[in-house]
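*Asks:* Before anything else, here's the structure in question.
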Amino acid sequence: MLVEVKEKNTGSINFGVGLGSDSGAFGEISLSQRNFDIGDPPLTFDEFISGRAFRGAGQNFNLSVAPGTEVSTFTIQFGEPNLFESDVGLNARSFYRIRQFDNYQENRFAASASLSRRLGDLWSISGSGGYANIKLDNFNPNTPLEVVADQGPANLVSGGFSLQRTDTDRAIRATRGTQLELAYTYFNDISSSQNWNLVRMGGTAIFPVDEDYLGRLSTLKLNTDIGYIFGGDAPVYERMYLGGRSFRGFEYRTVSPKSQGSIGAPTSPSNNPIGGEWLFFLGSQYEFPIVGDFLNGVIFMDSGTVTSDIGFDDYRLSFGIGIRLYIPQLGPAPLAFDLGFPILKGPLDQTQVFSFSAELPF
């Protein structure tokens, strides 16, 4: 028996554009290699050009540039699924991001590394550490005084762990199963000697509800997210927010405690969000087929709050409808368009009926 094996092309250059109510418009160019070898540098320039270097060890590498109108990100990622031929995986990531908010700009450089290991078929555990340099600038008269006070530059170091359990039937368009996660992270600002802790818990459960005569499933998804910052005062750029795609019916990040003053009006409370130390979210979404396998409808209810202390003050609730377009040629993520209508809201909340997200590779 004669067996011939030829390695297929595992590298790719991808181009895409995206548009979302939370992130504005952006484009992306990425270089990916699914069979990377960091220990195989090119010996000649010809090896590098022809693709005969940095290949063969089963590692993952990605380099992406994504400039946008509101968010611009430059990212390098590296992954080793079997570190030193063990069951432990290594993932490293570094990025520089410029994010333009309504009243200021955030500039963030971050680098992180994590070690992860599966525990049987359902559970996995990971530990991580990271560094971030953050600076806030481009203030206008409506910039909250709390943002100006945390303008930096700050140098954060962090470390933590997470525990996950997943038993969904598939990674994309799951029809049944659960996902659970518990994470703890310790932060220290070495620029000011401030430190704080973050505990985050989240869960998603998906249930099949009905199957039509064409075999198409309708599903009910329940999800919750709980976060708590304690042991110190976190700056505004590390606090928690809801709104936009994370809480439909309200503007991006505006489900949050509000500022007590701005540069232009230091003593006048405003509707500008400054983040909270306690987050609670509970939502449900029913998804059903409309046309074929590519057009689905959704009915959803989002609820929750973000406050400075543990509790359920200023609890919000919204209800809405939407559609999902599943087009394989445009990637696994659907084009999502939703109409959300607040039922319960806070006195200074900013509402947003229409929200959407769309990522289009080409």
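The values are calculated or read from the model by the stated rules, or taken from the named source; none is laboratory data. In this text the structure is predicted, and so the values were computed from the model without any measurement. Reconstructed Cβ throughout: ideal geometry from the backbone, glycine too, with neighbour counts over all protein chains shown. Protein only, heavy atoms only, side chains kept; ligands, DNA and RNA dropped before computing areas. Shrake-Rupley method; radii C 1.70, N 1.55, O 1.52, S 1.80 Å.
*Asks:* Could you go through the range 334-350 in sequence order and give the Karplus-derived ³J(HN,Hα) for each residue, using 6.51 cos²θ - 1.76 cosθ + 1.60 with θ = phi - 60°, rounded to whole Hz, and x for Gly and Pro?
*Replies:* Per residue, the Karplus-derived 3J(HN,Hα) values read x, 7, 10, 9, 10, 10, x, 10, x, 9, 10, 8, x, x, 10, 5, 10 Hz.
*Asks:* Ok, one more. Points 7 angstrom from Cα along the Cβ direction at F319 and F15: gap in nanometres?
*Replies:* 4.6 nm
*Asks:* Still on this structure, please answer the following. Excluding the sites themselves, what is the longest stretch of the chain that contains no GluC sites (Glu not before Pro) in a DSSP loop with at most 10 other C-beta atoms within 10 Å?
*Replies:* Of all site-free stretches, the longest is 8-362.
*Asks:* If you average the sequence gap of Cα pairs under 8 Å that are 6 or more apart and divide by the length of the chain, what percent do you get for the contact order?
*Replies:* Relative contact order here is 11 percent.
*Asks:* Now a separate question. Mean-square fluctuation check for the chain, GNM, Cα pairs under 10 Å: which of G292, G68, G159 is largest?
*Replies:* G292
*Asks:* A further question follows. With bins 10 Å wide starting at 0, give me the P(r) of the chain over every alpha carbon pair, in whole percents.
*Replies:* 5, 18, 29, 29, 13, 5, 1, 0, 0
*Asks:* Tell me whether the range 162-271 comes out rounded, prolate or oblate; compute the Cα gyration tensor, take square roots of the eigenvalues as a ≥ b ≥ c, and use a/c under 1.5 as the rounded threshold.
*Replies:* oblate
*Asks:* Residues of the range 83-125 with the amide nitrogen closer than 20 Å to a label point 7 Å from the Cα of D37, along Cα-to-Cβ, please.
*Replies:* 83-86, 90
*Asks:* Roughly how much of Y252 is accessible, in Å² to the nearest 10, using a 1.4 Å probe?
*Replies:* For Y252, the solvent-accessible surface is approximately 80 Å².
*Asks:* Which whole-number value in Å² is the accessible area per residue of the range 252-309, probe 1.4 Å?
*Replies:* Solvent-accessible surface per residue comes out at 38 Å².
*Asks:* Same structure, new question: Excluding ligands, DNA and RNA, what is the solvent-accessible area per residue of the range 38-85 at a probe of 1.4 Å, expressed in Å²?
*Replies:* 65 Å²
*Asks:* For I323, what charge total do you get from the other residues with a beta carbon under 12 Å from its beta carbon, if Lys and Arg give +1 and Asp and Glu give -1?
*Replies:* Charge balance in the 12 Å sphere: -1.
*Asks:* Can you work out D for the range 25-156 in µm² s⁻¹ from Stokes-Einstein, where Rh is the Kirkwood radius over C-alpha pairs, the temperature is 10 °C and the viscosity is 1.306 mPa s?
*Replies:* 90 µm²/s
*Asks:* Here's a follow-up. In nm, give the distance between the simple-model label positions of D87 and D137, each being 7 Å from the Cα along the Cα-to-Cβ direction.
*Replies:* Result: 4.9 nm between the two label points.
*Asks:* Roughly to the nearest percent, how much of the accessible area of the chain is carbon and sulfur, given a 1.4 Å probe?
*Replies:* It is 60 percent, rounded to a whole number.
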